[in-house]
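S.K.: Submitted below is the structure of interest, expressed as structure tokens.
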Amino acid sequence: MMNFDIDVVMERIAEAVRPYPPAAMFQLANEGYRSAFEQLIACIISIRTYDEVSIPVAHKLFARARTAQTVANLTPAEIATLITDSSFAESKAPQIQAIARRVADEFGGELPCDRELMLSFKGVGPKCANLALGIACGQPFISVDIHVHRVTNRWGYVQANTPEKTMAALEQKLPKKYWIEINRLLVPFGKHICQGNIPRCSTCPLFDMCPRVGVKSYR
């Protein structure tokens with residue numbers, strides 16, 4: 001088994017995920033939804049929701065209201081109806097409206113690229129704040145979802161039992177040039193190749209490098 005060279009790993013994964021759809025926030029950015037506000041709201045919509053659902057839900061909301069001011073003018077009930085296919089739409093809707101109102105009232109409609117501010121919003125955790133800052137603002141932050149958590153621990157690159165601890169471990173070890181890239185690449189990689197129950201190890205481009213920590217069976 002080869003040494004686990006993260007530069008080689010990232011290069012191989014970039015090639016392997018090329019045929020698959022991008023992760024939701026990166027897909028929306030490719031479509032022009034690149035502002036910090038749009039990215040943050042879209043990420044809230046995506047929480048506990050499959051990409052295949054959250055992308056069209058974000059489209060539906062933004063078709064009706066795309067700026068902080070226009071979203072703030074909607075009632076929570078109107079927002080809940082627009083995002084109804086998202087998980088926990090009833091609780092997300094007032095959170096989205098509250099964020100929009102604060103951005104409109106306090107910041108002239110432009111959400112600042114400020115992590116502490118984003119984390120001060122109800123419903124926003126490190127995953128969404130870091131994604132918005134990475135994609136919209138180009139700031140190096142690591143966003144760890146279930147795929148990034150599972151895959152990096154399966155590699156043995158980090159040893160952590162929660163996504164939060166994985167994020168902290170990656171911040172200590174992962175080269176900064178990959179901090180945004182790790183989410184962009186590992187979400188489709190985790191969905192389509194390094195899957196949860198029975199990963200596709202036999203055709204994985206990392207088969208000769210990966211120790212497959214915790215993998216009991218694979219295809």
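S.K.: How many nm is it between the label spots at Phe4 and His59, if each spot is 7 Å from the Cα in line with the beta carbon?
M.R.: 3.8
S.K.: Sort by residue number and report every cysteine in the chain with no other cysteine beta carbon within a distance under 4.7 Å.
M.R.: Flagged as lacking a Cys partner: Cys194, Cys201, Cys204, Cys210.
S.K.: Label 7 Å along Cα→Cβ of Val213; region 144-167 residues with amide nitrogen under 13 Å?
M.R.: 149-163, 165-167
S.K.: Also, I was wondering about something else. Helix-derived [θ] at 222 nm for the chain: sum -39500 (n - 2.57) over DSSP H runs of at least 4, divide by residue count, nearest 500?
M.R.: Helix-only estimate at 222 nm: -17000 deg cm²/dmol.
S.K.: Of the cross-linked pairs Lys127/Lys216; Lys127/Lys176; Lys177/Lys216; Lys122/Lys191; Lys122/Lys177; Lys122/Lys176, which ones have a Cα-Cα span greater than 26 Å in the structure shown?
M.R.: Too far apart for the 26 Å limit: Lys127/Lys216; Lys177/Lys216; Lys122/Lys191; Lys122/Lys177; Lys122/Lys176.
S.K.: Also, quick follow-up: What Kirkwood hydrodynamic radius do you get for region 24-137 when you take the inverse of the mean 1/r over all pairs of distinct Cα atoms, in Å?
M.R.: 13.4
S.K.: Same structure, new question: List the trypsin sites (Lys or Arg not before Pro) within region 68-159 that DSSP assigns to loop and that have no more than 12 neighbouring Cβ atoms inside 10 Å.
M.R.: Lys122
S.K.: List the relative contact order of region 24-137 as a percent without decimals, with contacts defined as Cα pairs under 8 Å and 6+ residues apart. Intermediate values should be presented prior to the final figure.
M.R.: Values: 148 pairs, mean separation 39.4, N = 114.
Once normalised by length, the contact order is 35 percent.
S.K.: How high is the relative contact order of the chain? Use alpha-carbon pairs under 8 Å, at least six apart in sequence, and give a whole percent.
M.R.: 23
S.K.: In addition: Obtain the nm distance between the two label points defined at Arg18 and His192 by a simple spin-label model: each point lies 7 Å from its Cα along the Cα-to-C-beta direction.
M.R.: 1.2
S.K.: Rounded to the nearest 20 Debye, what is the dipole magnitude of region 1-109 about its Cα centre when Lys and Arg each give +1 and Asp and Glu each give -1 at the C-beta?
M.R.: My answer is approximately 360 debye.
Every read-out reported here was derived from the displayed coordinates using simple, explicitly stated rules and does not represent laboratory data. None of these values were measured; they are calculated from a predicted model. So basically every Cβ, Gly included, is an ideal-geometry build from the backbone, and we count neighbours across all protein chains shown.
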